[in-house]
Amino acid sequence: MPVARPEPSDSRTRIIAHVDLDCFYVQVEQRKQPELRGLPTAVVQYNEWKGGALIAVSYEARKLGVSRHMRGDDAKEVCPQIHLVQVPVARGKADLNTYRNAGSEVVSVLARKGRCERASIDEVYLDLTDSAEAMLRETPPESLESINEEARKSHILGLKSEDANDAQENVSKWLCRSDANHQDKLLACGALIVAELRMEVLKETQFTCSAGIAHNKMLAKLVSGMNKPAQQTVVPFSSVKGLLESLPIKKMKQLGGKLGTSLQTELGVNTVGDLLQFSEEKLQERFGINTGTWLWNIARGINGEEVQGRLLPKSHGAGKSFPGPRALKTIASVQHWLNQLCDELNERICCDLDQNKRIAHNFTVYASAYKSCDSESYKKFPSKSCPLRYGTAKIQEDAFNLFQAGLREYIGSHGVKTLGHHHNGWGITSLSVSASKIVPIPSGTGSITKYFHGQYTSPFSKETQDSFVKEAMPLSPSGSESYSELEPTDQLQPENNVPSLGLQEQERILWKDQDSSCSSTVQTNDGIGKGASPSLPSGSGCCSLVNQTGSQGASRVDSTMPTLERHKRKIKPSDKEQGTILKFLKSYNLSCSPPMQENVEMVKGSQSPSSCSLEVNQVELPRRSLAECSTNDGSNNLDQNAQRAWNYKIDEIDQSIVNELPSEIQDEIRVWLQARQQPSIVKRPSIIKRGSIAHYFSPDRNT
């Protein structure tokens, strides 16, 4: 729906340009194959029906009667000498990455002179107000000795000329008028700047482009295509009324659909100028306050929309159409194409993350469908969304579940056939997936692992980016639709994946693997090894292998386990593999380090004499000795990294950092810290505030 934005106070002094690349897809192919320049050429998106659809036609081919509405076979009939170049294909569909990258080259050139908004793969808006004002102050057009030829070829609406030579001369005079008003002088500066930019684009990218220069986006867009190729058109404010009076209503942006048809049939409006006969109140009464005001504004050339200053796309998407007999009619065929589209989408968002340091948060599945023999076949297929999880397998899983939710809503919850060879009177004519809510990674964001390394990891290193994405990822989609719970796939799985091992089996394998690299601890008289491990979070890589000689010893070791170990058993296998701090602790090279007795005493709640030198709430992580890490042949394999001991105060851990972590990591860290802070809390019961929930559980409460 159109949005009526108020006209800025400086609307007539803004200089906005709309730059449109000429036959862009053809130019990209001609740059790759220079021998095609000057020849009738078209770019075709191939399919098996009549040679595929034309998506771009060169001006040479247009002169010979070829249009974009033709199929490849039709174009050859009209112009036998035409060269048809096929769009690259990947994953069974058109691959437009070559054209996207070429469009980015153009944007990088245009952005040198002003705020730049990339409107599409081959269209850009520019706000040149600041550059035009600077030029008017420093080198006004009337002071220039000559005007470059490209600027002299500009088309000035309302400027009459008898022939081409007179036209260029008249344009030069118009651009260099000393008696012009301030608005027209700024437009003249804008025309000179755009002409220079277009020449730079041609020089650096070999692409030609056309442009419109006006006081707002709407007018600039209207005239950018009036004089193609490789030309530009300027709209002085005095010529706006003449431009809009005869402009067909359907040519105006956002009036090509139902709203434009409604204006024609109900009000008899065929041109934009016809809207001038209606008051703003009349239009508001008929179309609503917002739309009525917007219609009243466009009839007068008023548009308050700002250039957004966006060089990168707001979203990424991948889609494919299945018209007519090619409609998808089975769940299996839909899943196949969803997998292909999700694979492309994942590649693009990962590229965006790597190149632009941006992360997407929302994932949406769209579809168009029909139902046979149903009075409600016109019903629109509902789009479904959920939080985006990075990784091809995860996106594919979410996409399929979202599609099934939409299909149930579309045809009824009892009509969905889950087997690929069944058909229940429905067909899918288009599928697309989209990643949106793309935002930059916050400056300074880093992984939690930086607190356990000797040096800080750059926020934008590859490891940190991967860690950030994993930590920021939701565990499962949580869209508004009501479908069965999605089980997250935490790592890429092949199509024929093996069922996951049970939690106990995984733990047994984990400890078995650690056995091979851990040295046995020396027994004490009471049967408990001196190296009993401090209780780290589940999945910790710190070894706690103990040689037990009796059930009494086993019982005593088990009693040292804090409640965190009981919490560990409740974590699902899929949850254990999330990108958490546990993975880091498990992989850290402490496998040969015999844990220290004082850490066991701290877990038990009593302080060992050997740990008295440590301050309260200060933790000393294990330290390896030379003798304990020697091999059987006497050689010394001590890892120098393991000689260091970690000393840090729990009280000095920044809670704001913990609060930024995913919830599952926060819970584990707080349980871990609570186990170590408990002795100091018991010693100082006065810190418990009366009236708080903790007061009702304190030992000294007398009730």
Inset, instruction - Write out the trypsin sites (Lys or Arg not before Pro) in the range 232-339 meeting two conditions: DSSP loop, and at most 11 other Cβ atoms within 10 Å of their Cβ. - result: K314
Inset, instruction - Please report K32, K185 as a ranked list, fewest other C-beta atoms within 10 angstrom at the top and most at the bottom. - result: K32, K185
Legend entry - Cα-based convex hull, the range 110-174, per residue volume (Å³, whole number): 127 Å³
Inset, instruction - May I ask for log10 I(q)/I(0) of the range 125-281 at q = 0.13, 0.15, 0.16, 0.20 Å⁻¹, from a Debye sum over the Cα atoms as equal point scatterers with solvent left out? - result: -0.67, -0.84, -0.93, -1.25
Legend entry - Whether the range 21-91 is rounded, prolate or oblate, judged on the alpha carbon gyration tensor where a/c under 1.5 counts as rounded: oblate
Inset, instruction - Based solely on C-alpha atoms, express the radius of gyration and the Dmax of the range 49-197 in angstrom. - result: 21.0, 61
Inset, instruction - Mind listing the long-range amide H neighbours of K384? Cut-off is under 5 Å, sequence gap 5 or more, other chains count too, H placed in the peptide plane at 1.01 Å from N. - result: V365
Inset, instruction - Kindly write out, for the range 175-186 in residue order, the coupling ³J(HN,Hα) from the Karplus curve 6.51 cos²θ - 1.76 cosθ + 1.60 (θ = phi - 60°), rounded to whole Hz, with x marking Gly and Pro. - result: 5, 9, 5, 8, 9, 6, 6, 4, 4, 5, 5, 5
Legend entry - Estimated D of the range 156-197 in µm² per second, where Rh is the Kirkwood radius over Cα pairs and Stokes-Einstein applies at 10 °C, 1.306 mPa s: 145 µm²/s
Legend entry - FRET efficiency for E142 and S120, using Cβ-Cβ distance with R0 set to 41 Å, rounded to 0.05: 0.65
Legend entry - Per-residue HN-Hα couplings for the range 252-265 [Karplus 6.51, -1.76, 1.60; θ = phi - 60°; Hz; x = Gly/Pro]: 7, 4, 6, 10, x, x, 5, 5, x, 5, 4, 5, 5, 7
Inset, instruction - Work through the residues other than H83 whose Cβ is under 13 Å from its Cβ and net out their charges, Lys, Arg +1 and Asp, Glu -1. - result: 0
Inset, instruction - Would you tally the net charge around R358, using a Cβ to Cβ cut-off of less than 13 Å, leaving R358 out, and scoring K and R as +1, D and E as -1? - result: +3
Legend entry - In nm, spacing of pseudo-spin labels at L312 and D166 (7 Å Cα→C-beta vector): 5.3 nm
Legend entry - Taking D667, D122 and counting other C-beta atoms within 10 Å, the order from fewest to most: D667, D122
Inset, instruction - Order by neighbour count: H69, H83, H361, fewest other Cβ atoms within 10 Å first, most last. - result: H69, H361, H83
Inset, instruction - Using the Karplus curve 6.51 cos²θ - 1.76 cosθ + 1.60 with θ = phi - 60°, work out ³J(HN,Hα) for each residue of the range 64-80 in order, rounded to whole Hz, and write x for Gly and Pro. - result: 9, x, 8, 10, 5, 7, 7, 8, x, 5, 5, 4, 5, 5, 6, 9, x
Inset, instruction - Tell me the label-point distance for the pair N290, S108, using the 7 Å Cα-to-Cβ offset, in nm and rounded to one decimal. - result: 3.8 nm
Legend entry - Net charge of Cβ neighbours under 13 Å - reference G288; Lys, Arg +1; Asp, Glu -1: -1
Inset, instruction - Kindly identify the range 87-130 as rounded, prolate or oblate by the Cα gyration tensor criterion: order the square roots of the eigenvalues as a ≥ b ≥ c, call it rounded if a/c is under 1.5, otherwise compare a/b with b/c, prolate if a/b is larger, else oblate. - result: prolate
Inset, instruction - Hey, can you grab everything whose amide H is under 5 Å from the amide H of L39? Only 5+ residues off in sequence or another chain; H modelled, so Pro and N-termini drop out. - result: none
Inset, instruction - Quick one: P(r) of the range 50-127 from all Cα-Cα pairs, 5 Å bins, percents rounded to integers, in order of increasing distance. - result: 3, 14, 19, 14, 15, 15, 11, 6, 2, 0
Inset, instruction - Provide the gained length on full extension for the span C351 to T261, in nm with one decimal, where the gain is 0.36 nm per separating residue minus the Cα-Cα distance. - result: 28.2 nm
Legend entry - Long-range HN-HN contacts of T271 with modeled amide H, under 5 Å: I249
Legend entry - Evaluated at q = 0.14, 0.16, 0.31 Å⁻¹: base-10 log I(q)/I(0), Debye formula over Cα of the range 299-356: -0.64, -0.71, -1.24
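Every number in this text was worked out from the coordinates using simple rules, so none of it is lab data. Keep in mind it's a predicted model, so treat the numbers as computed, not measured. Using ideal geometry, Cβ is built from the backbone for each residue, glycine included, and neighbour counts are taken over all protein chains shown.
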